[in-house]
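Worksheet: one structure, shown below.
The values are calculated or read from the model by the stated rules, or taken from the named source; none is laboratory data. On a predicted model such as this, the values are computed, not experimentally measured, just so you know. Note: ideal-geometry Cβ built from the backbone for every residue, glycine included; neighbour counts use all protein chains shown. SASA here: full protein model, heavy atoms, side chains in, ligands and nucleic acids out. Shrake-Rupley method; radii C 1.70, N 1.55, O 1.52, S 1.80 Å.
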Amino acid sequence: MSNPTSSKTGSPAPVPARVSAPVPPSGKLPLPALLALATAVFITSLTETLPAGVLPAMSADLGVGEAAMGQSVTIYAIGTALTAIPLTAATAGWRRKRLLLTAVAGFALANTVTAVSTHYPLTMAARFVAGVAAGLAWALLAGYARRLAPVHLQGKAIAVVMTGVPLALSLGVPAGTFLGAALGWQITFLVMTALAAVLLAWITLTVPDHPGQPRGGRAPIRRTLAVPGVAPVLLVTLVLVLAHTILYTYVATFLDHLGMGGSTGLVLLVFGGSSLLSIWFTGLHIDRRLRVLALAGTVMFAVASGTLAVAADSTALVYAAAALWGLGWGGAPTVLQTAVSDAGGETADTAQTMLVSLWNAAMAGGGVVGGLLLDRLGAAALPWSVLLLLAPVLIVVTAARTHGFPARRARTGA
């Protein structure tokens, strides 16, 4: 959890009367366009998290320690966290399709440079550029999905697009791990470039265009934070993503500590597969049980972390914990972006951009904190730190029963 994710824009800006925006047939989702957006999410998420599966090999080839190489996730997140709000504001008037194509082209460039680089500073610069591209993409994808769908199917449209996250984790990272072991980690990043090139054509052919926002269309940050429910969702996002990133960034190193270094790809496959199941279940129930999904996801993640903390001698417990972790985490991007969009109301666009920045600030912090824990306390400290962080998450979600994580979503057309 780049993670964000992620999954992070809010309600669409009003379409000016002079522009005729495509309207999907009532009762139907425009699947070709939504699947293109899901692929953009897939590329964004996989570019963000791919180093976790090939961290030892990247570390050896670039001549740095694993903790230093783990900062390739951190610098990506910093790129997004620092630029999401200013770049989103600067490009607010751009047409959405042009902006999306620009972001995907940024991924193609950054992954190509990462693949061919033999110098750590150049690799880190490329990762920063990838993070900037992610900031542009995440700030528009969920809102784009909402615009493409009928009002009563907007939640499902977002869930379809967010399948890119668990697919990246369940298929992308394990496949990248196996491919990196067989042919070299550089090949995995070149494959990412090829996928981005295909996606550019796919978007051009299938995704309807939409106008940007009118000048002055975004609510100020201070007014957005004052809206009931927005601050609790943002706080939960910050701490939950921090906890996830601490563990996920160094999962290969943690498994080495357990004597399961050769099973990293399979463990990630289990995690990703259960994440995919989680987002499917979330898509079915998000309109009616947002609060239950948020509470259950947090509890499952906590139980998984506790299991990993005491699973040193049990391979079966590690796989069970990975499955439970995926079930708890997979729906989180959809739950959090839906919660902040609903809470934000008329300020949802600004709230979602803030979520993007906090999500990636947490990822940056997770890479740093995880690296410090690894260096000073060892890999065994990682799951215990996650447990400590999840306690306040559970408290805030429980307390935000009226605004933020209510029992029932307000049905709006935003």
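General observations
- Positions within segment 263-288 being open to solvent by less than 10 Å² (accessible area, probe 1.4 Å) and outside any helix (DSSP H, G or I), in sequence order: Ile286
- All helices (runs of 4 or more DSSP H) inside segment 129-220 with 2 or more residues being modelled with pLDDT of 90 or more, aliphatic (A, V, I, L, M) and under 27 Å from Gly283 (Cα atoms): 185-206
- Residues satisfying the stated conditions in segment 108-128, i.e. outside any helix (DSSP H, G or I) and either open to solvent by less than 10 Å² (accessible area, probe 1.4 Å) or on the phi > 0 side of the Ramachandran plot (or both): Ser117
- Qualifying residue in segment 24-38 (condition: touching a helix residue (DSSP H, G or I) at 6+ places or on another chain (Cβ under 9 Å), surrounded by fewer than 19 Cβ atoms within 10 Å (Cβ to Cβ), on the phi > 0 side of the Ramachandran plot and modelled with pLDDT under 85): yes
- Residue that is more than 21 Å from Glu48 (Cβ to Cβ) and in contact with a helix residue (DSSP H, G or I) (Cβ under 8 Å, 6 or more places away or on another chain), where the choices are Gly367, Gly326, Gly330, Gly344: Gly344
- Filter result for the condition that a residue is under 22 Å from the mean Cα position of the chain (by Cα) and of a type outside the set (Val, Ile, Thr), over Ser72, Ser59: Ser72
- Neighbours by Cβ (under 7 Å, 6+ apart or cross-chain): first from segment 301-329, over 14 Å from Val393 (Cβ atoms); second basic (Lys, Arg) and open to solvent by 10 Å² or more (accessible area, probe 1.4 Å): none
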